[in-house]
Amino acid sequence: MFLSLFDIFKIGVGPSSSHTMGPMVAAARFLDMLRDSAFTAHGLSVTLRGSLAFTGKGHATDRATILGLAGFVPDNFDAAAAEATLAAIAETGTITPPGLPTLRFNPETDLHFDFGPPLAGHANGMVLNALDAGGDVILQETYYSVGGGFVLTEAELARDKGPRVPVRNVPYPFRNAAEMLDMAAASGKSVAQMKRDNELTNRTRRDLDQGIQRVWEVMNACIERGLAVDGILPGGLKVRRRAKAIHAQLLAERGRNLTAPHTINDWMSVYAMAVNEENAAGGQVVTAPTNGAAGVIPATIRYYLDHVPTAKPSKIADFLLAAAAIGGLIKENASISGAEVGCQGEVGSASAMAAAGLCQVLGGTAKQVENAAEIALEHHLGMTCDPIRGLVQAPCIERNGLGAIKAISAASLALRGDGDHLVSLDACIETMRQTGLDMHTNYKETSLGGLAVNVPTC
């Protein structure tokens with residue numbers, strides 16, 4: 001299938017694209033299904049399975065599911081209205097979805113965390129039911145939140161795992177990096193140009209440019225909010241926001257001419273940390289390609305704009321187009337879900353995308369862009385997802401900063417060469433997929449291993 005830039009970069013709400021945004025979207029889809037059915041429902045129930053159960057509280061999966069059933073969606077989320085709605089549902093034990101009658105729904109008894117084995121389709125599964133007056137199920141659907149805010153029903157997932165269908169109706173239908181390089185060589189176009197031409201088959205040039213600009217505006221606004229706010233992040237770990245204080249130190253040092261060369265790493269990190277602190281607080285972010293990895297790409301763009309003398313804001317579109325091309329390849333040939341392949345699929349993918357985008361805007365050839373993405377992804381292989389207490393805070397926030405640093409180093413190394421290299425991006429993506437299959441479930445966003453069990457939290 002053709003994955004648009006706007007499939008990869010979604011405007012949404014923290015702290016997790018797969019555990020917050022995905023369940024909210026799934027609940028909204030179930031409401032549509034109920035509205036279209038001939039059934040008269042009197043109540044609703046939900047069962048969370050696999051990783052959605054194990055880290056559901058920390059990732060606000062329960063809250064997101066309830067809000068989705070109440071009619072909220074990620075792209076225009078209203079935090080104040082959400083809090084009022086949650087309080088009303090808890091008080092009354094009822095929920096009134098748009099276009100449906102008031103239904104029984106007590107979050108204490110109708111939202112279940114099943115800590116047994118995950119569903120067969122994916123680690124992030126959830127079953128939604130509509131109930132009759134006697135409490136019997138009259139309508140049921142199983143949804144899988146497969147990473148990056150993407151949601152599939154059981155039937156859709158089965159089709160998705162079937163034989164690969166050639167991409168049609170786009171001028172450059174590359175399904176892997178080898179095809180991407182062949183098409184670039186034949187056309188003489190860059191990765192960003194080919195991706196732009198593909199996008200223009202579905203929308204006007206004006207809509208594309210405005211949409212990309214909106215994505216960057218939300219990313220940059222998230223950085224700015226994160227740099228302006230301090231305090232303690234919610235969730236009970238008492239993690240203190242650090243981006244504002246670090247940013248103030250960096251500004252003071254720069255003004256007094258005290259900056260050491262390695263301090264550039266702190267600038268990269270602080271931009272990323274600002275985003276992921278906002279994400280951890282439930283703020284508005286752009287999945288890039290997930291919420292847990294949302295800081296890497298914005299941080300790399302800000303590094304380019306603020307610290308590269310030849311930077312041009314007009315090139316941000318090319319950055320995001322090249323990054324989206326690489327993200328689509330990873331999504332289609334492996335995974336961007338931490339619950340499926342660990343954090344190599346989240347921060348690793350984001351770092352590869354950022355490296356490709358930066359290499360593109362710094363004048364890299366298609367071969368160099370592919371090389372940059374491969375270098376960044378290769379050096380995240382095997383990275384586990386082990387959030388402490390199921391919160392997208394530690395190690396996630398700092399990890400985004402290091403992902404940005406790796407992305408920038410990877411782009412620089414690729415630009416020092418001619419694009420020829422030993423390990424192809426395709427081989428690296430396949431290795432990530434295989435590594436994810438081999439990785440123990442404890443290290444795939446369940447908080448049952450790694451730092452999650454070795455750091456005291458009480």
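Every number here is computed from the coordinates shown, using simple stated rules; none is lab data. Worth saying up front: this structure is predicted, and the values here are computed from it rather than measured. Neighbour counts are summed over all protein chains in view; Cβ atoms, including those assigned to glycine, are modelled from backbone coordinates with ideal geometry.
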Cα-based Rg and Dmax for the chain, where Dmax is the largest Cα-Cα distance (Å): 21.7, 73
Rg to Rh, two decimals, where the stretch 275-394 supplies the alpha carbon set and Rh follows Kirkwood: 0.98
Extension gain from Asn442 to Asn169, taking 0.36 nm per residue of separation minus the Cα-Cα distance: 94.1 nm
Packing rank of 21-27, 301-307, where each peptide gets the mean count of other beta carbons within 10 Å, highest leading: 21-27, 301-307
The stretch 18-160 - charge dipole about Cα centre, Lys and Arg +1 at Cβ, Asp and Glu -1, debye rounded to 20: 140
Relative contact order %, the chain, counting alpha carbon pairs below 8 Å whose residues are six or more apart: 18
Charge dipole of the chain about the Cα centre (unit charges at C-beta), most positive-ward option of Ala299, Pro261, Ala411: Pro261
Per-pair calculated FRET efficiency, R0 = 60 Å: Ser37 and Glu253 via Cβ, rounded to 0.05: 0.45
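Once the convex hull of the alpha carbons of the stretch 300-458 is built, what does its volume come to per residue, in cubic angstrom? Display every interim value, and only then the final one.
Numbers: hull volume 16.6 nm³, N = 159.
For the stretch 300-458, the hull spanned by Cα atoms encloses 104 Å³ per residue.
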Cα-Cα over 29 Å, subset of Lys161/Lys315; Lys312/Lys444; Lys244/Lys444; Lys57/Lys244; Lys406/Lys444; Lys195/Lys444: Lys161/Lys315; Lys312/Lys444; Lys244/Lys444; Lys195/Lys444
Relative packing of peptides 123-136, 420-433, 47-60, 202-215 - highest average C-beta neighbours within 10 Å first: 47-60, 123-136, 420-433, 202-215
Inter-probe distance in nm under a simple model that places probes 7 Å from Cα toward Cβ, at Gln140 and Ala185: 5.3
Along each principal axis, Cα extent of the stretch 18-160, largest first, Å: 35, 34, 28
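Please compute the alpha carbon radius of gyration of the stretch 328-406, then divide it by the globular-protein estimate 2.2 N^0.38 Å. Two decimals is fine.
Working: Rg = 12.9 Å, N = 79, 2.2 N^0.38 = 11.6 Å.
That works out to 1.11 for the stretch 328-406.
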